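The values are calculated or read from the model by the stated rules, or taken from the named source; none is laboratory data. Here the structure is a predicted model, which means the values were calculated and not measured. FYI the Cβ positions are ideal-geometry reconstructions off the backbone, even for glycines, and counts take in every protein chain you see. In case anyone asks, the SASA skips ligands and DNA or RNA and just uses the protein heavy atoms, side chains included. Shrake-Rupley method; radii C 1.70, N 1.55, O 1.52, S 1.80 Å.
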Amino acid sequence: MTMTIDSKNLYYRNLNRRIRAAFLKGQKEIVLKNVLGQRYIGGGLNVPGRIVIHGTPGQDLGAFMNGPEIRVLGNAQDGVANTMNAGKIVIVGKAGEIPGYSMRGGKVLIGGDVEYRAGIHMKEYKEKIPIIVIGGTAKDYCGEYMAGGRIVVLNLKNERSSPVGDFVGTGIHGGSIFIRGTVDSRQLGIGAVFNEINGEDIRFLEEILEEFAREMWLDLSGINPAKDFVKITRRGYRPFGNLYTPAVNVKTGLPRHVNLSPPCAFACPTGIPTPAFFNLIRDGKEREAQLLMDEYTPFRMSVCGTVCPALCMEACNRGLIDSPLEIQELAREHYPDFPPVRSKEQRKEKVSIIGAGPAGLSAAWQLSRRGYAVRVYDGESKLGGKVRRAIPRERLSDETLDRDIARIRTLPIDFILGRRVDREAFARIREESDAVLVATGAHVTKRIPYPGGERILSGLQFLMDINDGKAPDLTGKSVVIIGAGNVGMDIACESWRVGAKRVVAIDIQKPLAFGKELDLALSLGTEVLWPRKVERLDDEALYFQGGERMEADVVFFSIGEVPDTSFLPENVFVDNRGYLATPEKSFRSSDPKIFGAGDIVRPGLITDAVGTGRLAALEIHGSLTGQEFHYPEKVPVQRKQIRTVWFGGEEGVHRCLSCGTCIFCDKCVEACPQGALKRDGETFTIDEDRCTLCYTCVAVCPRGATQA
């Protein structure tokens, strides 16, 4: 069954998506009508099938293609078969510049002439030998820097002058060029020489002539492979070796394989290596994937899968192709059905944690799994801290949070709840413990002393009261929220829910709210105004600088919170903003036995608290075992390093590009013109004598894991 697509005025990305989708659904042949300049047709396809093109396709036809067949009933533009790996492209007419650029497999048959640099950087690897057959003529630099494969110029119009231009085979390192017609020695590039045609060459030419005649509906029986062709090959090994000098080469370092941080992991405050998680699932290793996630967070359902603002999805490079991966959905879908695995070794050291919010529970999770005796103190009767008390139930239900809490509780953690820790209790806890982690968060609402501002309420307390079942009645009231961040949007949504007639969030600067919280608040009718600077309040309204008046029955502060550190001993330093002071890239306080994590150290998202809780636990583990703690450094892969043409319309975890992470696809090994790059398992080695610093391996790496 043949599918026809009218490509007239169809944007190239939309056209390519339709082609990929059709092949993924099992379509075997697609006919494209009215093609005019659409790029990347067939790019990256690795499914069987055939595309017939009526018209003139744009640049990079069949780029990175890996198997299908394309037939063009007309001419083609530049870059045909750019880095093609397998498959076949037949062009009845002419082609532009650099056909077969870095081609490493498959065949390209072109009925007419081609422009400059045909077959530049062609290469072959093991049984893969790329072939380009040109029915007409080729211009200068045919076969430039060729490292493998075969180019055949048939000169079917029998040009009296040479069918090729100058500099044929410049820098040729491997492969053969066969030209039917006259070639003068002055036309050869540096490193290229004439060679004798042998029996194997004759058999190859006979076969390729037969195939070309069949595809182009020609009779080529009058061509004699043994007499009509000249053969050009390389002169020797590394013909340009003596020309490479520091004055010419700006970069002198060997290529290297490094696992850079993909943008999703770089953006995630918890540091979850999402591509590694997806790759394990893709390989059928679901349990291993879930164990990997356990190394980073116990809040898979409530935070990763629900209330996290999904900075990972915002950064996802998949958006360059279609849309970001649904990372939150996949986190929920692959939730573990087994308890956490803990160390068989029970350590004698005791660690106490003050605070059972996201930072404290994250640290308790990490330390208990490593065999430590962990005791957690909290003034509330339930675990969760702000995650439970300050996030509206509409966004995070108790059932969702309790699913994560239940897994945490399977660990032998001793929870002391409903008991607030004062300075005396803290001194006792410190004396009984080998290490203490302070993770009490920030709960004291910041306030600005406006005239009349004593009637301004705490927005955080408002949210906690609602979750405690003590929702105030705001029926018919006008509500103003000072501070338009995401917490301000939660306050706005809850104000609407308890009856407010109007809700306005104001800010002195561009609001920081984003994502689902902002979208939901706006959809309910919340007004967000900025810049607005409050001057004073009375019983009915607030007044801005400039004299503007706004009715305000109820006013909330939502400009952040600061921690209560009154229970800490005097030798534990607090900075001038009221936060626990720790060195850069460390969670240790001025008391070497006391550490901090979460909002008591610095304000942030819930995911920041989870991440700092984990890292603080690792630093405590290092301190108690005599191991050096290394704060994880993240170097993000740049978007320009991702070769998106490799990737098609996969589903689920298969859509992940594994940015910055080497997945051992061997594209760099296959592409190396000199065979200088080898892989043994997960180890790559480079032969320094063979490597010419061409950085072809860097150019073809689809994930940016190979660096110059």
Tell me which residues, restricted to the range 93-148, are closer than 16 Å to G42 by Cβ and open to solvent by 40 Å² or more (accessible area, probe 1.4 Å).
-> Y101, K107
Breaking point among (1) touching a residue at least 24 places away in the same chain (Cβ under 8 Å); (2) of a type outside the set (S, T, Y); (3) touching a Phe, Trp or Tyr at 6+ places or on another chain (Cβ under 9 Å), for A500 | (3)
Kindly provide the set of residues from the range 295-338 that are of a type in the set (S, T, N, Q) and open to solvent by 40 Å² or more (accessible area, probe 1.4 Å), ordered by number.
-> S323
Please specify each residue of the range 443-463 satisfying the condition of being open to solvent by less than 20 Å² (accessible area, probe 1.4 Å) and in contact with a Pro (Cβ under 9 Å, 6 or more places away or on another chain).
-> F462, L463
Would you say I466 is in contact with a Phe, Trp or Tyr (Cβ under 8 Å, 6 or more places away or on another chain), within 23 Å of T526 (Cα to Cα), touching a residue at least 24 places away in the same chain (Cβ under 8 Å) and buried (at least 19 other Cβ atoms within 10 Å of the Cβ)?
-> no
Residues of the range 423-456 being farther than 21 Å from G613 by Cα and among the polar types (S, T, N, Q), which ones?
-> T445
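Matching residues to (1) within 17 Å of P225 (Cα to Cα); (2) in contact with an Asp or Glu (Cβ under 6 Å, 6 or more places away or on another chain); (3) at pLDDT 90 or above:
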site: G135; (1), (2), (3): yes, no, yes
site: K139; (1), (2), (3): no, yes, yes
site: G143; (1), (2), (3): no, no, yes
site: E159; (1), (2), (3): no, no, no
site: V168; (1), (2), (3): no, no, yes
site: L188; (1), (2), (3): no, no, yes
site: G191; (1), (2), (3): no, no, no
site: E200; (1), (2), (3): yes, no, yes
site: E210; (1), (2), (3): yes, no, yes
Residue list for the range 184-211, restricted to those being under 21 Å from R117 (Cα atoms), of a type in the set (A, V, I, L, M) and either open to solvent by 20 Å² or more (accessible area, probe 1.4 Å) or part of a helix (DSSP H, G or I) (or both) | L188, I190, V193
Please go through the range 7-33 and pick out each residue that is surrounded by 12 or more Cβ atoms within 10 Å (Cβ to Cβ) and of a type in the set (D, E, K, R).
-> R13, R17, R18, R20, K28, E29, K33
What are the residue pairs meeting all of these: first residue in the range 58-80, first residue in contact (Cβ under 8 Å) with a residue 12 or more places away in the chain, second residue of a type in the set (S, T, Y) and part of a loop (DSSP other than H, G, I, E, B), Cβ atoms under 7 Å, and 6 or more apart or on different chains?
-> D60/Y40; A63/Y40; A63/T83; F64/T83; G79/Y101
Among (1) of a type in the set (A, V, I, L, M, F, W, C); (2) at pLDDT 95 or above; (3) under 27 Å from the mean Cα position of the chain (by Cα), L605 falls short only on (2)
